[in-house]
Amino acid sequence: MIKNEWIEKGYIDEPIDKNIEIVKEIRQMCKDKNAIILAHYYTQGAIQDIADFIGDSLALARKAENTDAKIILMCGVNFMAETCKILNPSKLVLAPDLNSGCSLADSCKAEDLKKYKEEHPGYKVVSYVNTTAAVKALTDIVVTSGNAKKIVDTFPKDEKLIFGPDYNLGSYINQITGRNMLLWNGGCHVHERFSVDEIIKLKKLHPNAKVLAHPECKGPVLAVADVIGSTAVLLNYSIKSSENEFIVATEAGILHEMQRNCSDKKFYPVPPEISEGGLGCSCNDCEYMKMNTLEKIYNTLKYEWPSVEVPDNIRKEALKPIERMLELS
Ligand code: 13P
Ligand code: SF4
């Protein structure tokens with residue numbers, strides 16, 4: 001029985017018996033229930049270790065499109081779970097905690113985008129995957145940081161485009177494609193915090209290190225980066241590169257998979273700018289991603305709740321721009 005207090009909280013906080021082997025039990029439930037665990041690189045290392053598949057937003061969407069499992073448990077944030085549900089309406093899509101939002105997705109409300117479109121007739125809308133289903137439903141094509149350039153390049157040079165919601169990614173794509181897309185003024189609170197001064201300090205300490213940055217970072221951070229790309233691009237670069245040291249300007253969870261693949265290489269996370277209280281820290285976590293825990297995963301599989309639902313009218317409209325992206329990427 002799902003308790004009302006859990007519904008109010010958006011997750012199950014039932015204590016777990018200390019004597020059970022939680023990882024073993026989770027894997028057993030996946031087998032018994034034909035469930036698959038998908039996890040983003042920003043989740044805790046322990047979750048990445050038990051997942052059936054880990055990836056960036058694009059790879060997770062592709063996996064969700066192709067899986068035969070009956071239940072998909074998405075360990076990431078809400079827009080990722082919604083994308084799963086949009087692609088798999090007949091499957092049970094679960095998320096360990098319904099509070100796992102995304103500051104970037106929150107920076108673009110569907111009603112505001114609708115108004116902006118009305119003010120700009122003749123423009124097509126290119127939306128980053130970090131958006132709600134309702135925003136995707138108002139979109140012509142979805143992109144991720146892994147395919148944004150490739151997809152924007154498919155439009156004729158004179159096509160009028162609105163890009164949202166990430167301003168930094170949009171500016172970067174404008175720069176590398178020579179476009180002048182109208183940019184939504186949204187951003188990710190984690191990526192906007194990375195400090196250029198801290199990168200310079202790290203570079204002085206480790207002069208041979210390559211700077212890897214996610215395109216959601218601010219322009220000055222991208223200007224000092226050697227490699228700019230999605231989490232999967234940054235990870236693959238660190239694996240294939242002959243370099244041995246990397247300064248990493250994206251959420252710190254990615255370091256787990258980098259270090260797992262390259263035990264002999266060194267990775268230095270970029271700290272955020274010193275906070276107003278003067279307390280800097282060497283971590284830069286996405287608190288939404290970190291809401292996923294092994295305990296919540298266990299309970300979610302046990303009770304098959306919380307499930308992620310997308311109203312049918314929104315789902316049908318949101319599916320079109322996601323399918324267009326998957327066809328082109
Ligand atoms: P990726 O698509 O690169 O995995 O990024 C997702 C994200 O939320 C970045 O903050
Ligand atoms: Fe959203 Fe930023 Fe967290 Fe990525 S890191 S999920 S963009 S809040």
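When TYR128, TYR268, TYR303 are arranged by Cβ crowding within 10 Å, least crowded first, meaning fewest neighbours, the order is TYR303, TYR268, TYR128. Evaluated over the range 1-101, the count of Lys pairs having alpha-carbon atoms less than 15 Å apart is 8 (only pairs 8 or more residues apart or interchain).
When only DSSP loop residues count, what trypsin sites (Lys or Arg not before Pro) in the range 135-175 have their Cβ near at most 10 other Cβ atoms within 10 Å?
Numbers: sites: LYS136, LYS149, LYS150, LYS157, LYS160; in loops: LYS157, LYS160.
Answer in residue order: LYS157.
A straight line joining the Cα centroids of the range 126-142 and the range 146-170 runs 13 Å.
The ranking of THR250, THR300 by Cβ neighbour count inside 10 Å, starting from the fewest, reads THR300, THR250. Measuring between alpha carbons in the structure, the pairs from LYS240/LYS265; LYS204/LYS266; LYS204/LYS240 lying more than 19 angstrom apart are LYS204/LYS240.
For the chain, what does the relative contact order come out to in percent, with C-alpha contacts under 8 Å and a separation of six or more? Don't skip to the end; give the middle numbers.
Values: 638 pairs, mean separation 75.3, N = 329.
Rounded, it is 23 percent for the chain.
Normalising the average separation of contacting C-alpha pairs (under 8 angstrom, six or more residues apart) by the number of residues puts the relative contact order of the range 1-106 at 23 percent. Every helix of 4 or more DSSP H residues in the chain counts as -39500 (n - 2.57), and over all residues that averages to -12000 deg cm²/dmol at 222 nm.
Pair-distance distribution of the range 122-192: all C-alpha pairs, bin width 5 Å, starting at 0; shares per bin in whole percent are 3, 18, 32, 28, 14, 4, 1.
Largest GNM mean-square fluctuation across SER103, SER241, SER307, computed for the chain with C-alpha springs under 10 Å, falls on SER241. Per-residue extension of 0.36 nm, minus the Cα-Cα distance of ASN236 and GLU309, leaves a gain of 23.0 nm for this segment.
Each value in this text was obtained by applying a stated rule to the coordinates, not by laboratory testing. What you see is a predicted model, and the numbers here were worked out from it, not measured in a lab. Methodologically, a virtual Cβ is constructed for each residue, glycine included, from the backbone with ideal geometry; neighbour enumeration extends over all protein chains shown.
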